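Report on the structure given below.
The values are calculated or read from the model by the stated rules, or taken from the named source; none is laboratory data. Bear in mind that the values here come from a model prediction, so they are computed numbers and not experimental data. Virtual Cβ from ideal backbone geometry, glycine too; neighbours counted across all protein chains shown.
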Amino acid sequence: MKPILETVRALDGVLELAPEPGGEFPEIAWGDHFFYSSPDGSIPSNRQPFATIVTKDYPDDTLSNLDPAGRWRLNIHVGTARFAELTGVTPHDFTAQDLSAGDFSMPDVILPHPVYGSLGWVAIVNPGARTTATALALLREAHSDDRRRVERRSTSPLEGR
């Protein structure tokens with residue numbers, strides 16, 4: 001996990017939320033990491049992170065089998081075109097049937113996210129030798145895409161008139 005965290009933390013304007021025991025975030029999120037492009041350092045209230053690291057199964061997300069010690073999953077929003085390139089299926093066409101046919105617990109494989117695949121998210125359980133370089137490139141792309149969205153939203157349509 002260390003190279004992933006180091007890479008994301010080094011990106012310009014990244015806000016990392018890493019909930020810990022006793023903090024303001026719910027216990028289910030303790031130990032996980034949520035990454036936003038946030039040039040002003042504030043927690044966005046109107047959008048999702050561009051990437052996350054989860055260290056356990058969530059009640060509605062158990063197909064990756066993250067509860068055993070040492071298992072974790074990197075999740076990256078890659079968008080429609082990149083998702084199709086990486087998984088062979090478009091997010092629109094990713095269905096519950098895909099969930100029943102696949103093994104979403106395989107480590108070191110780029111897979112559709114079992115819950116958010118239809119929204120253009122990919123997931124990698126325990127990135128390793130096969131996927132780390134690609135994962136780092138995808139994280140940089142996702143950060144750049146998120147940053148562009150933030151900049152676009154912060155620009156008033158009336159500016160320059």
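Of (1) within 13 Å of the chain's Cα centre (by Cα); (2) within 23 Å of R153 (Cβ to Cβ); (3) modelled with pLDDT of 95 or more; (4) of a type outside the set (V, I, T), W72 satisfies all except one. Which?
Going through (1) within 13 Å of the chain's Cα centre (by Cα); (2) within 23 Å of R153 (Cβ to Cβ); (3) modelled with pLDDT of 95 or more; (4) of a type outside the set (V, I, T) one by one, W72 breaks only (2).
Test E85 against the criterion of being among the charged types (D, E, K, R), surrounded by 13 or more Cβ atoms within 10 Å (Cβ to Cβ) and on the phi < 0 side of the Ramachandran plot, and give yes or no.
So E85 does not fit the description; no.
Specify the residue that is nearest to R149 (Cα to Cα); the eligible residues are those in the range 1-39 that are of a type in the set (V, I, T) and in contact (Cβ under 8 Å) with a residue 60 or more places away in the chain.
To start, the set of residues in the range 1-39 that are of a type in the set (V, I, T) comprises 4, 7-8, 14, 28.
From what's left, in contact (Cβ under 8 Å) with a residue 60 or more places away in the chain: 4, 7-8, 14.
Values: I4: 23, T7: 21, V8: 18, V14: 14 Å.
Filtering first and then ranking leaves V14.
Taking the range 97-124, which residues are in contact (Cβ under 8 Å) with a residue 40 or more places away in the chain and closer than 19 Å to F50 by Cβ?
Within the range 97-124, the subset in contact (Cβ under 8 Å) with a residue 40 or more places away in the chain is 104-105, 114-116, 119-124.
Hits for the range 97-124 are P114, V115, Y116, L119, G120, W121, V122, A123, I124.
Go through the range 40-61 and count every residue that is of a type in the set (A, V, I, L, M), within 30 Å of L99 (Cα to Cα) and without any contact (Cβ under 8 Å) to a residue 40 or more places away in the chain. Before the answer, list the steps.
As a first pass, look at the range 40-61 and keep what is of a type in the set (A, V, I, L, M): 43, 51, 53-54.
If we keep only those that are within 30 Å of L99 (Cα to Cα) as well, we get 51, 53-54.
From the residues that got through so far, the ones that are without any contact (Cβ under 8 Å) to a residue 40 or more places away in the chain too are 54.
Adding up the residues that qualify gives 1.
Aromatic (F, W, Y) and under 14 Å from the mean Cα position of the chain (by Cα), is that true of W30? Full working, then the answer.
Details: aromatic (F, W, Y): yes; under 14 Å from the mean Cα position of the chain (by Cα): no.
No, not satisfied.
Yes or no: F94 in contact (Cβ under 8 Å) with a residue 12 or more places away in the chain, crowded, with 21+ Cβ neighbours inside 10 Å and more than 21 Å from I4 (Cβ to Cβ)? Give the steps one after another, and end with the answer.
On the way: in contact (Cβ under 8 Å) with a residue 12 or more places away in the chain: yes; crowded, with 21+ Cβ neighbours inside 10 Å: yes; more than 21 Å from I4 (Cβ to Cβ): yes.
When the stated conditions are applied, F94 passes them.
If we keep just the residues of the range 123-161 that are among the hydrophobic types (A, V, I, L, M, F, W, C) and not in a helix (DSSP H, G or I), which is modelled with the lowest pLDDT?
Of the residues in the range 123-161, the ones among the hydrophobic types (A, V, I, L, M, F, W, C) are 123-125, 129, 133, 135-139, 142, 150, 158.
With not in a helix (DSSP H, G or I) added as a condition, the list becomes 123-125, 129, 158.
Numbers: A123: 97, I124: 98, V125: 98, A129: 97, L158: 52.
Out of the qualifying residues, it is L158.
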